[in-house]
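In what follows, a structure is listed as structure tokens, so that the remarks can point back to it.
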Amino acid sequence: MERTVVSETISHEGKKVKVQGWVHSRRDHGKLIFIDLRDRSGLLQVVFWGGGDAVLFAQADKLRSEFVVTITGTVQKRGENQVNAELPTGTVELAAETLEILNESEVPAFEIEKATEVGEDRRMEYRYLDMRSERMRNNLEKRHKIIKLIRDELDQKGFWEIETPYLTKGTPEGAREFIVPARLSPGKFYVLPQSPQQFKQLLMVGGVEKYFQIARCFRDEDTRGDRQAEFTQLDLEMSFVEREDVMAINEALLIKIVETLYPDKHIQKVPFPRMTYKEAMEQYGTDRPDIRENKEDPNLLAFMWVIDFPFFEKTDKEEHHGAEGEWTFTHNPFSAPIPEHTDKLMAKAGIGEILTTQYDVVLNGSEIGGGSIRNHKPEALRKVLEIIGHKPENIERDFGHMLKAFAYGAPPHGGIAWGLERLVMILQNEPSIRDVMAFPKTGDSRDLLMQAPNDVNPKTLKELGIKVEEQ
Ligand code: ASP
């Protein structure tokens, strides 16, 4: 017999079906044993009757939480008083006829639907149990649906999804980077990308014109707020565009996601309101204002754009991004200034007043994405790097490949990246990005399930020429 998923049993009343899944809970009523059977689609009540098949009943008596089973039986209408309005299958139940235990389970580390009542560390250690909860299943499914919609929409608009390398070269771009020893080049290292920024620009030089990627990014950041060492971006880049074009595509995509996948939610204002950085700081004291008219409404989505950021700010010692100048960039060293300020950049005059083409998209007070039009002329990129204090030899070493590529007919281009988890988190009304990731890490970047990071065997270290000093 073919398997029926439990959510479909309601349309099989009076019929024989086979269901498979996990024992979600068990209630003993003397002559009756009730099981809530769970599969990916939901829950179904199964009844074993003591007055019937004695062998079957004895078998059912052995069932415990999270045992994996195959059950066949007849779907029957529940008595009026037995209807469970909270369950989508609450008008029916399965009268069991056969039971096969496919696998047993230890007593689970926590009750599946009460996972949030235990510490998060425990949920991470037993992520596969946590994931069986309706909440986590729903989060993972919605995340998948959002990504699928993004892929379909961008494909229709002529974008190509292209994967860019993870093992690459480091360039001071903002965050601290993870490094990977290169065994075949002793003493040398790869760097994991903070974002595909440089590759996507090189794809534009390569004539791709419209690129996107659901890209993993790596940032070795200190424990700071709701961040993860590896996270996912929707990364996108386009050629022959201006700021308005990139903003329009992204705005349309965000609206489409909400309208298609979140019909109960409403967007406060379309087109998304815009504010300059200056206005945002003056009116809200932050560059990601929460402009919701009703912060209590869980279905209200207040998107907005913040534009006209200063390009440069005075360096503080902590964040000089690898250069040693008096100035550093506020967002992205590859950005172009607004067209009216190109002359200032080229003359390195009035540096503090130069505005960048950067645009950030903000949702309910969280920055969910940001991007800019880039400097596609090598001279302009060089000026930025000089302003932020890179020495000429470092410019060659760290950015020479970009300057060289731009010398071969780089088209004007610009793009954006969204923090995908942040968006999904807000849409799912979850408190943390960890809740919309299958396998998140702790705040200090430990993977409690896999027990990483960990020691590696001395032979491996030797091959890499690495000696670990005792701390
Ligand atoms: N690469 C940038 C970031 O990760 C986004 C962009 O400018 O496209 O923040």
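The values are calculated or read from the model by the stated rules, or taken from the named source; none is laboratory data. Keep in mind that what you see is a predicted model, and the values were worked out from it rather than measured. Reconstructed Cβ throughout: ideal geometry from the backbone, glycine too, with neighbour counts over all protein chains shown.
Tabulated values for the structure
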read-out	value
Search result, residues across the range 158-188 that are loosely packed, with under 13 Cβ neighbours inside 10 Å, of a type in the set (D, E, K, R) and under 24 Å from GLU209 (Cβ atoms)	GLU163
Count - residues of the range 364-376 that are surrounded by 17 or more Cβ atoms within 10 Å (Cβ to Cβ) and more than 16 Å from the ligand (Cβ to nearest atom)	1
Residue in the range 297-315 that is out of contact with any Phe, Trp or Tyr (no Cβ under 9 Å at 6 or more places or on another chain), at pLDDT 95 or above, assigned to a helix (DSSP H, G or I) and surrounded by fewer than 16 Cβ atoms within 10 Å (Cβ to Cβ) present	no
Total residues in the range 46-58, condition closer than 23 Å to VAL5 by Cβ and part of a helix (DSSP H, G or I)	1
Near pairs, Cβ below 8 angstrom, 6+ apart or cross-chain, from the range 223-238 (of a type in the set (D, E, K, R) and modelled with pLDDT under 95) to any residue that is outside any strand (DSSP E or B) and within 14 Å of the ligand (Cβ to nearest atom)	ARG227/ARG219; ARG227/GLU221
Condition met for ASP290 (in contact (Cβ under 8 Å) with a residue 40 or more places away in the chain, within 28 Å of ILE338 (Cβ to Cβ) and either of a type in the set (Ser, Thr, Tyr) or not in a loop (DSSP other than H, G, I, E, B) (or both))	no
Residue in the range 358-375 that is nearest to ALA280 (Cα to Cα), counting only those that are without any contact (Cβ under 8 Å) to a residue 60 or more places away in the chain and not in a strand (DSSP E or B)	GLN358
Residue match in the range 123-140 (condition: crowded, with 20+ Cβ neighbours inside 10 Å and either within 16 Å of the ligand (Cβ to nearest atom) or among the aromatic types (Phe, Trp, Tyr) (or both))	no
Segments classed as helices (runs of 4 or more DSSP H), wholly inside the range 378-471, with at least 2 members that are within 16 Å of the ligand (Cβ to nearest atom)	378-387, 392-406, 420-427
The range 323-357: number of residues that are in a loop (DSSP other than H, G, I, E, B) and within 16 Å of the ligand (Cβ to nearest atom)	8
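Per-residue answers, yes or no, for (1) closer than 15 Å to SER335 by Cβ; (2) surrounded by 15 or more Cβ atoms within 10 Å (Cβ to Cβ); (3) in contact with a strand residue (DSSP E or B) (Cβ under 7 Å, 6 or more places away or on another chain):
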| position | (1), (2), (3) |
| --- | --- |
| HIS390 | no, yes, no |
| GLU393 | no, no, no |
| LEU403 | no, yes, no |
| LEU420 | no, yes, yes |
| ASP444 | no, no, no |
| VAL456 | no, no, no |
| LYS459 | no, no, no |
| LYS462 | no, no, no |
